[in-house]
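Trainee: Take this structure, written in structure tokens, and hold onto it; I'll ask about it next.
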Amino acid sequence: MKSHMKGGYGQHPIKSFQDIELWNLVKTLWPYLLIHKARVIVAMLCLVGAIAVSLGMPWALKELVDSLESDVGKALVIPLGFVLLYGGMRFGSVFLSELRDAVFSRVTESAMRKVGLEVFAHLHKLELDFHLSRQTGGISRDIDRGTNGINFMMRFMVFNILPTLVQLAIIMVILLVAFNVWFSLITLVCVVAYIAFSVITTEWRTRFVKEANRLDSQSSTRAIDSLLNYETVKYFNNEAFETKQYNRNLQDWEQARVNNRLSLALLNSGQAFIIGLGLTALMYLAAKGVVEGTMTMGDLVMVNAYLLQLFIPLGALGFIYREIRRAMSDVENMFELLKREPKIQDMEDALPLGVDQASVEFDQVNFAYQPERPILKNLSFKVQPGHKVAIVGPSGSGKSTIGRLLFRFYDLQSGCIRIDGQPLDQVQQLSLRQQIGVVPQDTVLFNDSIWNNVAYGRPDASDEDIWQAIEMASLRTFVGSLPNGVETQVGERGLKVSGGEKQRIAIARVLLKNPPILLFDEATSALDSEAERSILQALAEISKQRTTLVIAHRLSTIIDADNILVVNQGELVEQGTHQELLASAGHYARLWNMQQQDASVPEPTSEK
Ligand SMILES: Nc1ncnc2c1ncn2[C@@H]1O[C@H](COP(=O)(O)OP(=O)(O)OP(=O)(O)O)[C@@H](O)[C@H]1O
Ligand SMILES: [Mg+2]
């Protein structure tokens, strides 16, 4: 199981029963039943009532037929009585079943909601790394399948398999008592053969179901990925290629489903054959009994009615066996997601981070995403309270990584990061993240209005505060030019506003959050010089009382930093103020000169 947790989601094989810990599953689901005790009890009573009533029906039918045969029946009063009783019982059993479902639906639906909610909340608890490797399409399908599985399991375990078995037992006893042992025996053999055939065939069929499922997940993951990359597809004129790829997936899926369907036909036919055989044998016995005078016509009708009643739910057993199996494996997969421990955990005695001055310290930090490839090597630096520190360096040198570590998206291999002297791994994550505002390198927005995206920074903020944030992030003019103003929808992932606008929205929501530590990762890289200047002015004002980390490629934006860290291949190669670094004529000075030369050429409107 673990091996494919890492890469592809949504491609879980259906497990065999042996792999599934049924007991564990029952234990996990049990509490959801207990929440609604009264409902479960009422549903059970309905179930028992329905079984009792439906078992009475063949008897009423027999009495009806027999009374018609006898002389008493000619008066029509008694037969009429049985006709009414029969009709009433038929209605009663259906009504009780419906009542049972109506009462029980609250139990299953609320279990589905609760489990779905739990999984959703848990997904947000899992570390960034998990989310970077997952496939959204696959995982949402897993959740769908899992919650539906719960519904199915609860319904069919309780209301189908169990009652069918009880009915089977009762009918065998009735046949034994009313007639002779042959009736019970044939019924039993027939049912056992039926179940054995169903189970064996279903086991054999599982590979087709598995294959169809796998291809289903695969093609939907593929389709979602393709649609998410809509623009890229267009840039490279690859619609036909995408369609072909998708079609190939669909073709496999089609074939798998056809195979699946054929094997189902085989299963159903086999089942029908066994039932047919049993019915024939029993009806032959009954007919013989009537001819010999040991049984009445009514008896024959009753036997037939009981058998039909038994075989109808049994007919669904193959389907239910398979579906329960699938449901169990789906539910297990979902619970496995729940069991997955978040890698980043609070220590047991973790205290909330107390921020007084907001100093930040990296102390001999070593970090790697994968052990084979170190990213940060022995990195040490300090940020004094209220200072603005810039991090510069070539692409891929680990600048954004520093920000991710400060936010504790990952734990370190060795070393320590401290805020006001408190090691990050010893404070509560929630309190840590409250104190840090991040404008990430690639901002992604919610598919919602500009207003709501800004307000996300602090959901309880007043309208004035939100307007102020919009103002400070130089969004006022832009918003004013929009026909729908702040109510404008930004589109999926924020793709309907420009890169610079997106960055300003991201800045506005961090300003609204208003934390003591700010981290800007290329936060103004997509802006033109003028917009950048006005935002930087606003930011300079705000960051005066705050500790600020700025990651930048354009060195002109960080001249005023109190300290500039030059990072190369995960190592700190230089640090100092702009003047100091220029004077020492190292990496930084070289970079600066290069950018100055570029600047003498007319500046492009945006760097990215
Ligand atoms: N989740 C990840 N798993 C594995 N490697 C990663 C992951 N994220 C980043 N890296 C690698 O770590 C290195 C540092 O990445 P980082 O994002 O910190 O660079 P950066 O200095 O911010 O670069 P840029 O200026 O291009 O933004 C890169 O080589 C990158 O490929
Ligand atoms: Mg980066």
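Trainee: At least 2 residues that are outside the structural domain of residue 409 (by TED's automatic domain parsing) and touching a Lys or Arg at 6+ places or on another chain (Cβ under 6 Å) in each: list the helices (runs of 4 or more DSSP H) lying fully within region 37-143 that qualify.
Mentor: Details: elements: 37-69, 77-125, 128-133.
Correct list: 37-69, 77-125.
Trainee: Residue 444 fails exactly one of the following numbered conditions: (1) within 16 Å of ligand 1 (Cβ to nearest atom); (2) modelled with pLDDT of 90 or more; (3) among the β-branched types (Val, Ile, Thr). What is the number of that condition?
Mentor: (2)
Trainee: Please find, within region 256-289, the residue that is surrounded by the most Cβ atoms within 10 Å (Cβ to Cβ) out of those that are within 39 Å of the chain's Cα centre (by Cα) and hydroxyl-bearing (Ser, Thr, Tyr).
Mentor: Only one residue tops the list, namely 263.
Trainee: Can you spot a residue in region 150-162 that is touching a Lys or Arg at 6+ places or on another chain (Cβ under 9 Å), hydrophobic (A, V, I, L, M, F, W, C) and part of a helix (DSSP H, G or I)?
Mentor: Within region 150-162, one or more residues are touching a Lys or Arg at 6+ places or on another chain (Cβ under 9 Å), hydrophobic (A, V, I, L, M, F, W, C) and part of a helix (DSSP H, G or I).
Trainee: State whether one or more residues within region 339-351 are part of a helix (DSSP H, G or I) and either aromatic (Phe, Trp, Tyr) or more than 16 Å from ligand 2 (Cβ to nearest atom) (or both). Walk me through how you get there before you give the answer.
Mentor: Just the residues of region 339-351 that are part of a helix (DSSP H, G or I), to begin with: 339.
Cutting the leftovers down to either aromatic (Phe, Trp, Tyr) or more than 16 Å from ligand 2 (Cβ to nearest atom) (or both) gives us 339.
Yes, the conditions are met somewhere in region 339-351.
Trainee: State the number of residues belonging to region 366-389 that are on the phi < 0 side of the Ramachandran plot and either assigned to a helix (DSSP H, G or I) or more than 13 Å from ligand 1 (Cβ to nearest atom) (or both).
Mentor: Selection size over region 366-389: 10.
Trainee: Within region 363-388, how many residues turn out to be within 16 Å of ligand 2 (Cβ to nearest atom) and either crowded, with 20+ Cβ neighbours inside 10 Å or at pLDDT 95 or above (or both)? Working first, answer last.
Mentor: Keep residues of region 363-388 that are within 16 Å of ligand 2 (Cβ to nearest atom), which gives 367, 369, 375-376, 379.
Still in the running and either crowded, with 20+ Cβ neighbours inside 10 Å or at pLDDT 95 or above (or both): 367, 375-376, 379.
Total satisfying the criteria: 4.
Trainee: If residue 357 meets every condition in (1) away from ligand 2 (no atom under 14 Å from the Cβ); (2) at pLDDT 90 or above; (3) under 21 Å from residue 518 (Cα atoms) apart from one, which number is that one?
Mentor: Answer for residue 357: the failing condition is (2).
Trainee: Which is in contact with a helix residue (DSSP H, G or I) (Cβ under 9 Å, 6 or more places away or on another chain), over 20 Å from residue 564 (Cα atoms) and within 16 Å of ligand 2 (Cβ to nearest atom), of 444, 392, 438?
Mentor: Matching residue, one of 444, 392, 438: 444.
Trainee: Tell me, yes or no, whether region 410-417 has at least one residue that is farther than 19 Å from residue 127 by Cβ, modelled with pLDDT of 90 or more and within 14 Å of ligand 1 (Cβ to nearest atom).
Mentor: Looking through region 410-417, none of the residues is farther than 19 Å from residue 127 by Cβ, modelled with pLDDT of 90 or more and within 14 Å of ligand 1 (Cβ to nearest atom).
Trainee: Give region 96-108 a look and list any residue that's among the acidic types (Asp, Glu) and at pLDDT below 90, or say none.
Mentor: Within region 96-108, the subset among the acidic types (Asp, Glu) is 98, 101.
Scanning region 96-108 gives a single hit, 101.
Trainee: Output the number of residues of region 420-439 satisfying the condition of being touching a strand residue (DSSP E or B) at 6+ places or on another chain (Cβ under 7 Å) and within 20 Å of residue 365 (Cβ to Cβ).
Mentor: Count: 6.
Trainee: If you don't mind, another one. Going by what's in this entry, would residue 576 be described as more than 16 Å from ligand 2 (Cβ to nearest atom) and in contact with an Asp or Glu (Cβ under 6 Å, 6 or more places away or on another chain)? Spell out the reasoning first.
Mentor: Numbers: more than 16 Å from ligand 2 (Cβ to nearest atom): yes; in contact with an Asp or Glu (Cβ under 6 Å, 6 or more places away or on another chain): no.
Considered against the rule, which asks whether it is more than 16 Å from ligand 2 (Cβ to nearest atom) and in contact with an Asp or Glu (Cβ under 6 Å, 6 or more places away or on another chain), residue 576 comes out as no.
The values are calculated or read from the model by the stated rules, or taken from the named source; none is laboratory data. Since the structure is predicted, the reported quantities are computational estimates derived from the model, not experimental observations. Quick reminder, even Gly has a Cβ in these numbers, built from the backbone with ideal geometry, and neighbours come from all protein chains shown.
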